[in-house]
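To start, the structure itself, in C-alpha cells.
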Amino acid sequence: MMTMNANCPLCTTDGGELLWKNEEMRVILANEADFPGFCRVIWNGHIAEMSQLSVDQRARLNHVVMLIENAVLETMSPDKVNLAALGNMVPHLHWHVIPRFQKDVCFPGSVWSEKLRAQDPSHLNIQLAKVPGLKQKIQELLGVI
C-alpha cells in the first residue's frame, strides 16, 4: 500500500511537468528557469530514504534515473550531469537529474549555490530549444503517459 502525506508537495502535486508515470514513480521536468532540462525522478509513495525501498524497487528506480541521465546527455549535450537525492527541504524520495553547462549561472557550484554570473541569454535560448527533444526522448525510452 502506498502512503501519502497531505502536507508534502510531492504527494499532492506532480512536482513539475509530468513526462511519464507508472505505479511506482514518475519523471517530471522541473520549473527551474536557469536550468533547462532539469528533471526529477520521484517515487510516488511518501518515503524519505532509498533504504526504505526493496532491493528490486531500488534497482527499478536507479534504472529510470540512468535512463533519464542518458536522455539528458544525448539531447542536451551538457558539460556535466549532476545527480542528487537530497530531500532536506522536501523529505520525499526523489532524484534530481540536472544538465550542467560551464556557462550556467552557478557553474561549477551546485544549482543551489549562489549565482556566479548573469544568465547568458543566447546560451539559455540554445538550451531551451533542446527541451522538446529531451521530452520526446524520455517518452521514447519510458513510454507516453
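Note on LYS103: aspartates and glutamates with a C-alpha under 15 Å away, same-chain residues under 8 apart excluded, are ASP34, ASP79, GLU114, ASP120. Within the chain, all pairs of alpha-carbon atoms sorted by distance into 5 Å bins from zero give the percentages 2, 10, 20, 23, 19, 15, 8, 3, 1, 0. Here is the list for segment 1-94: GluC sites (Glu not before Pro) lying in DSSP coil, each with at most 11 other C-beta atoms within 10 angstrom of its C-beta, are GLU23, GLU49.
Please report, in debye to the nearest 20, how large the charge dipole of the chain is about its Cα centre when each Lys and Arg carries +1 at its beta carbon and each Asp and Glu carries -1 there. Walk me through the numbers on the way to the answer.
Numbers: 13 positive and 15 negative charges, 29 e Å.
Magnitude of the dipole: close to 140 debye.
Just checking the listed ones, TRP43, TRP112, TRP95: in the Gaussian network model of the chain with Cα springs under 10 Å, the one fluctuating most is TRP112. Once the Cα atoms are used to define both axes, helix 55-76 deviates from the longest principal axis of the chain by about 20 degrees.
Suppose we flag trypsin sites (Lys or Arg not before Pro) only when DSSP calls them loop and at most 16 other Cβ atoms lie within 10 Å. Which is the longest uninterrupted stretch of the chain? Display every interim value, and only then the final one.
Details: sites that count: LYS103, LYS115, ARG117.
The segment 1-102 is the longest one with no such site.
Dividing the summed helix terms, -39500 (n - 2.57) for each DSSP H run of n ≥ 4, by the number of residues in the chain produces a 222 nm estimate of -11000 deg cm²/dmol to the nearest 500.
Of the residues MET89, THR75, VAL64, the one whose Cα sits farthest toward the positive end of the charge dipole of segment 56-102, with +1 on the Cβ of Lys and Arg and -1 on the Cβ of Asp and Glu, is MET89.
Computed from phi, the 3J(HN,Hα) profile of segment 112-125 under the Karplus parametrisation 6.51, -1.76, 1.60 (θ = phi - 60°) reads 9, 6, 5, 5, 9, 7, 6, 5, 8, x, 5, 4, 4, 5 Hz, with x in place of Gly and Pro.
Just so you know, all these numbers are worked out from the coordinates, no wet-lab data involved. Here the structure is a predicted model, which means the values were calculated and not measured. Reconstructed Cβ throughout: ideal geometry from the backbone, glycine too, with neighbour counts over all protein chains shown.
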